[in-house]
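Report on the structure given below.
The values are calculated or read from the model by the stated rules, or taken from the named source; none is laboratory data. Predicted model only: the values in this text are computed from it and were never measured. All Cβ positions, glycine included, derive from the backbone under ideal geometry; neighbour counts span all protein chains shown.
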Amino acid sequence: MSQLELKRNKVLEARFVADEDVLKHISDNGGVKVRKDRAQLALNVKRFVKKLENISDDDEAQEILEEQNYVAVLGACAEDSLRNGPSAGGGKIYSFQTPKRSGKMAELASELAQTPGKNVTFDSSQYPEKPASTPQSSKKYSASNKAQLKSKKNEFVSTTPYRLRKRLTAPSLRSDSESDYSASCSEEEEEDKDHKETSDVILDQKTPSKTRAAPTPASKKTPAKKLKEEMMSNLVEEYFEAHSSSKVLTSDRTLQKLQKRKLDQQTLLVLLNKAPPAFTAELKELNQQHESLFSKWMLQLHLGFSIVLYGLGSKRDLLEKFRTSLLQDSVHLVVNGFFPSITVRSILNSITEEVLDHVGTFRSPLDQLDLIMKRFKEDSSVELYLLIHNLDSKMLRGDKSQQILAQLASLPNIHLIASIDHINAPLMWDQAKQSLYNWLWYETTTFSPYLEETSYENSLLVQQSGSLALSSLTHVLHSLTPNARGIFRLLAQYHLENKDNPSYPGLSFQDFYQRCREAFLVNSDLTLRAQLTEFRDHKLIRTKRGTDGVEYLLIPVDNGTLTDFLEKEDEDM
Amino acid sequence: MSTSSVSKGCFVFKPSSKKRRISSPTADYFSEGKNDSEDSGLRFATCQLLWKQINSETEKIQEELNKQLFDNLISFLRQSHSEFQTKKTEWMCRMKTSEIPTAALVLGVNVTDHEVTFKSLSEVLQDNITPYVVSLQAKECPGIKHLLQKLMGQLMDRCVDVDLSEEEECVNISQKKIRCSMASLSKWYESVTKKTGSETPSKKRTSSSRHWQFPPIVVIFKDMESFTTKVLQDFIIISSQHIHEFPLVFIFGIATSPMIIHRLLPHSVSSLLCIELFQSLSCKEHLATVIDKLLLTTQFPFKLSEKVLQVLINIFLYHDFSVQNFIKGFQLSIVEHFYSQPLSMLCCQLLEAKKRVNSLSHNQCENIRGLPSFRRYVESQISEKQIALLTEDSFLKEVTQTLLEDLHIYHENYFPVLRCLHVFTTSLPKYPLGKQIRELHCACLGKRVWETEEYGSAVQLLRMLAKAELVAILQKCVEIFTSSSGKQFSNTVEKLEEFLLRFQNLEAETNEVQDVSVSSQKELQKKTDLYHLQKTLLELKESKRSKKLTKFEMLRFEVVDFIDSLVRSYLAPAEMQTLNEVVYFNTANILREHLNAAPRIALHTALNNPYCYLKNQTLKSDVGCISNTAPDICIVYKLHLECGRLINLVDWLEAFSTVVTAVEGTDPDSVATDQVDEIIHARFIRAVSELELLGFIKPSKQKTDHVARLTWGGC
């Protein structure tokens, strides 16, 4: 029993340290003194809770009181007299979730996973399990109970909490030595220790308890809504709170630890094609609604308005359909705004060169614009439809570009229809530009994925076009002498040998020269230097001066590409 | 040919010339995609005609409103360089001070309307003062060099326009790429004026006798505030050096306040200018005139309903103060009305409409029967007539003709009475029914105005008007009614004139009354007995109390009651009129959607509550919570709302896969191998990059595998 109590204490500790952690994150990071105060406070609370534990074994009341304390601690930092303040309702508890907690997303995820698409209601069969998630329960107990929970829950919902817990704990177990969550400030030693010790416990317990708290009657309103209400009230304060400290508490896990290779664009597409399309019927209906507007658009374009489409979902297909169904017999220009190197210049060039068949160059885009305007004004029979996908793309959103496009749109025989996606897109236009554009807004929410639009983007998770680098690598090397190729091979091989060494600085020039000499590739270091200059010009290598003043050589290509390259070279030989 | 490529962002499509469509296909689009294509041609023609009329009317209004301002400007310009014309030497003496005459034109914040004003201004100036008018915009002149280039370019072109005979020479000059400097400008001016002066004075007289021998060069800075201070200062200083060589006048277009000149230019520069201030008409007055001339008239058959007008006025008042945009909204409502209402073909002048009624097809008759206002009308008829109306087309047409006439008469009566009421209400303190006639118009269009609280209080206040005011108002009303076209108002006018007459008589009467009171007072003075004095005083008091209403008060009551009866009989809301749908455009939300859209809200609802768009039962969920079957991007968005400034991608991915796998109901053991399904990974990648495109997140370098959130507060 005493052992159990000890354990309980430990668990209790864990909980409060975690809260402390959060508190530290939320309130400004005051000096050590404040923190110490708080630690003491936490201690007080601990004692109190222990006392309380003796008094009542009603878990729910306990939980509320605990939360109340939690609120009190955070609300009145240094004083702990609020303990017997007004009893906090469920609303209070939930309203306090606004400060972002690191585990919050996982919680919501499991919540969402539980929220059935098929309207399953949670019945009271949950309540018996309540003790399972309370902090008093020992780890072991909790685990066993969890299994029970799983089996019970299986009846009406999926078992996500369990799986989530497993998934969440797994990585941290793998990397035992380091904490899963990093508070970016240094902690007091004991706290740190506690933290480490219990981090997985927190993960273990916090999530399920929260997820189960959600469907209880105490919180009829969904937390998200509460969240929003609360947000409205002190939005401003929260904003500055979140931005005042440079520290952000997020978990330290990286994608590399997931042992997941980065996908490249090709495989991504293939995989996405495999994914089952959802809501096809509804999407089709939406699209049909929009398509019925086509002739109206044409009418309004002809009457001198420009049309801008907004709303979630790619509008490319819609515009394409508009183009193919109505514009086949007229001169039109399609501009892919999302194309990474699109410029106003190129748009103007295609108008002057291809539409107006003008030969000659221009000093500035303004001159070019003048000519276009003149030509279109002179000859009213020339008509041009201008379709711009993503008028708000990075390349076109500049003030000058918008000014030029607006002036184009103001011509009576240029008809502009464009789409915007960015949430702040309308900020591009001031009054003057808006009146030049003469917009009519149309909401076309399509929900279709932005496949084409994002395909150019150097997304975080997509591998940076490795194939392109590989081809450029081979192209450059094929134009070199065999000796030069050998030099590069040597470097590449050395590079790959050291790929697992995180502190690999690169190959020093002297070493490299030695090796090249041994392989009979160069006869003097001057030749090698000349060769390296060539490599550097083609961005095949990079040089870096180390701390000891020695020059180190590096290949700025990722290892996978390099391996591919070497394999290919071997084949060729 | 596809429009996606990795090497190119612009694609031009040119159909072969024979396939190219030739002209006026606009009407086709009008009828396309509509079931009731009949009469659409007629409808479109009516629509275009109406718009043309309205457009020319607005232009006329603009012209009239600007006339005063332009006249002032012209006289200023004439005066500014009159010395230069007469005695050159003297003028030069004056110009030793090198002050440049400048007109500061305060135009107000409605920048979008300025373009039109400047256009007509330069036309007027070219007609009346000088061929050399240059308009410059800030965005064309980032540096002094560009400014001079622009200036020279426009002047040279102008010169070509003026004398075609000299064209070749001028072209030569411009092709030689003369150095753009003030010196060359003055040389050019000298040559031009000398030529016109010496060459053939007679010819010059005939061709452009309006201009003097030395027409000034007018430089218009359209948006003075946006010019870089440096450019402006340099230009002014340089020109002041050359002012003795040719007459130069500046016109500054100012959107804010004249103070800006002194803020932009230091004293040393502004002292080189001789500034005179001109104030253009405020946009509010402009709008009032536009509403008065376009909406409060029977000239145009098309009408706006209360809500539509409210939307347009709100956009004007709360967003841009732009009359141009108001007119644009008006145009859009015309187009929408004719596009969506098949019966709008009857929205034309009364005679024409009657003719068109005769040629209505059966379908159109059915359309009439379907109108709610017509149904109300049918229900109020006796049963035989009801049957006839619903079955016989010919009878229906007859009735429709009379109904249209009624509608016309309603409008004819409505506007004079409205103006009359407005005259009354504007004289009241605190303006219970609004200061502007448009507010009163909105109030009357929407509901029975006499049932509103504001009207009640207005009438009460009217009953307390002083006589002089009342008489003045009545006179104005008489004017309004006599000038209106309605014939029904002869009685009203008579009545009003009778009131006026009675007021005059009252004046005589009151004189008598005064006499009486004077006499009584005399009596009072006579009595010295205290008892009698008290008695008479009491009597006087009594008489005052009992005689509640003087004759004037009675008359005032009568007048107010008469006005009230006018209001009740003529200012009935338009929605009550039968066949009002034909001429009234009332889908205000279309207008709001297209003119004053809220793209962020649309995005937010789509992400938060996809059920709004995808009507699938599985997506139905409580407020603020979304179902886990929602599209990927919605789930990812929802999850990201839970995070702070930075988001860990791994956590995000895991949370996402938790949700998604729960939906698919896959066996938990299969996923237990820590590896997230590749497909889910791919879907996650897509959703995240979509959020990036939408501007919710951006990659962050602060921590590995983290993204930064760009929004705050759930929207």
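One residue stands out in region B:590-620 among those that are free of Cβ contacts under 8 Å to residues at least 40 places away in the same chain, in contact with a helix residue (DSSP H, G or I) (Cβ under 7 Å, 6 or more places away or on another chain) and outside any helix (DSSP H, G or I): the one that is nearest to A:ILE420 (Cα to Cα), namely B:TYR613.
When A:ASN273 is tested against (1) modelled with pLDDT of 75 or more; (2) more than 7 Å from every other protein chain (Cβ to nearest Cβ); (3) buried (at least 17 other Cβ atoms within 10 Å of the Cβ), just one condition goes unmet, and that condition is (3).
Under the condition of being within 30 Å of B:LEU50 (Cα to Cα) and among the hydroxyl-bearing types (Ser, Thr, Tyr), which residue from region A:276-301 is nearest to the other protein chains (Cβ to nearest Cβ)? Out of the qualifying residues, it is A:SER295.
Listed by first and then second residue, the pairs with beta-carbon distance under 7 Å, at least 6 apart or on different chains, first residue in region B:691-711 and at the interface with another protein chain (Cβ under 7 Å from one of its Cβ atoms) and at negative phi, second surrounded by fewer than 16 Cβ atoms within 10 Å (Cβ to Cβ) and polar (S, T, N, Q), are B:THR704/A:THR254.
Out of contact with any Leu (no Cβ under 8 Å at 6 or more places or on another chain) and assigned to a helix (DSSP H, G or I): is that true of B:ARG375 in this structure? Spelling it out, B:ARG375 is indeed out of contact with any Leu (no Cβ under 8 Å at 6 or more places or on another chain) and assigned to a helix (DSSP H, G or I).
Scanning region B:466-485 for residues that are surrounded by fewer than 18 Cβ atoms within 10 Å (Cβ to Cβ), touching a helix residue (DSSP H, G or I) at 6+ places or on another chain (Cβ under 8 Å) and in a loop (DSSP other than H, G, I, E, B) returns a single hit, B:SER485.
Scan region B:580-589 and tell me whether some residue there is within 30 Å of B:VAL399 (Cβ to Cβ), in contact (Cβ under 8 Å) with a residue 60 or more places away in the chain and either at the interface with another protein chain (Cβ under 7 Å from one of its Cβ atoms) or assigned to a loop (DSSP other than H, G, I, E, B) (or both). The answer is yes, given that some residue of region B:580-589 is within 30 Å of B:VAL399 (Cβ to Cβ), in contact (Cβ under 8 Å) with a residue 60 or more places away in the chain and either at the interface with another protein chain (Cβ under 7 Å from one of its Cβ atoms) or assigned to a loop (DSSP other than H, G, I, E, B) (or both).
The set of residues in region A:544-562 being loosely packed, with under 14 Cβ neighbours inside 10 Å and of a type in the set (Ser, Thr, Tyr) consists of A:THR547 alone.
Okay, residues lined up against (1) more than 9 Å from every other protein chain (Cβ to nearest Cβ); (2) modelled with pLDDT of 80 or more; (3) buried (at least 17 other Cβ atoms within 10 Å of the Cβ); (4) closer than 29 Å to A:LEU451 by Cβ:
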position	(1), (2), (3), (4)
A:ALA218	yes, no, no, no
A:GLU230	yes, no, yes, no
A:LEU235	no, no, no, no
A:SER244	yes, no, no, no
A:LEU303	no, yes, yes, no
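Of the residues making up region A:439-455, those that are in a loop (DSSP other than H, G, I, E, B), crowded, with 19+ Cβ neighbours inside 10 Å and not β-branched (Val, Ile, Thr) are A:PHE447, A:PRO449, A:TYR450.
Scanning region B:622-652 for residues that are more than 7 Å from chain A (Cβ to nearest Cβ), assigned to a loop (DSSP other than H, G, I, E, B) and over 41 Å from the mean Cα position of the chain (by Cα) gives B:ILE626, B:ALA630. Sub-6 Å Cβ pairs linking a first residue in region B:1-16 that is farther than 17 Å from A:TYR385 by Cα and within 7 Å of another protein chain (Cβ to nearest Cβ) to a second residue that is outside any strand (DSSP E or B) and of a type outside the set (Val, Ile, Thr), at least 6 apart or interchain, are B:SER4/A:GLU452, ordered by first then second residue. Of everything in region B:554-597 that is small (Gly, Ala, Ser) and more than 24 Å from the chain's Cα centre (by Cα), the residue that is surrounded by the most Cβ atoms within 10 Å (Cβ to Cβ) is B:ALA572. For the structure I just gave you, tell me whether B:LEU371 is of a type in the set (A, V, I, L, M) and farther than 30 Å from B:ALA472 by Cβ. Yes; evaluated as a whole, the condition is true for this residue.
Scanning region A:308-365 for residues that are within 9 Å of chain B (Cβ to nearest Cβ), free of Cβ contacts under 8 Å to residues at least 24 places away in the same chain and surrounded by 18 or more Cβ atoms within 10 Å (Cβ to Cβ) returns a single hit, A:SER350.
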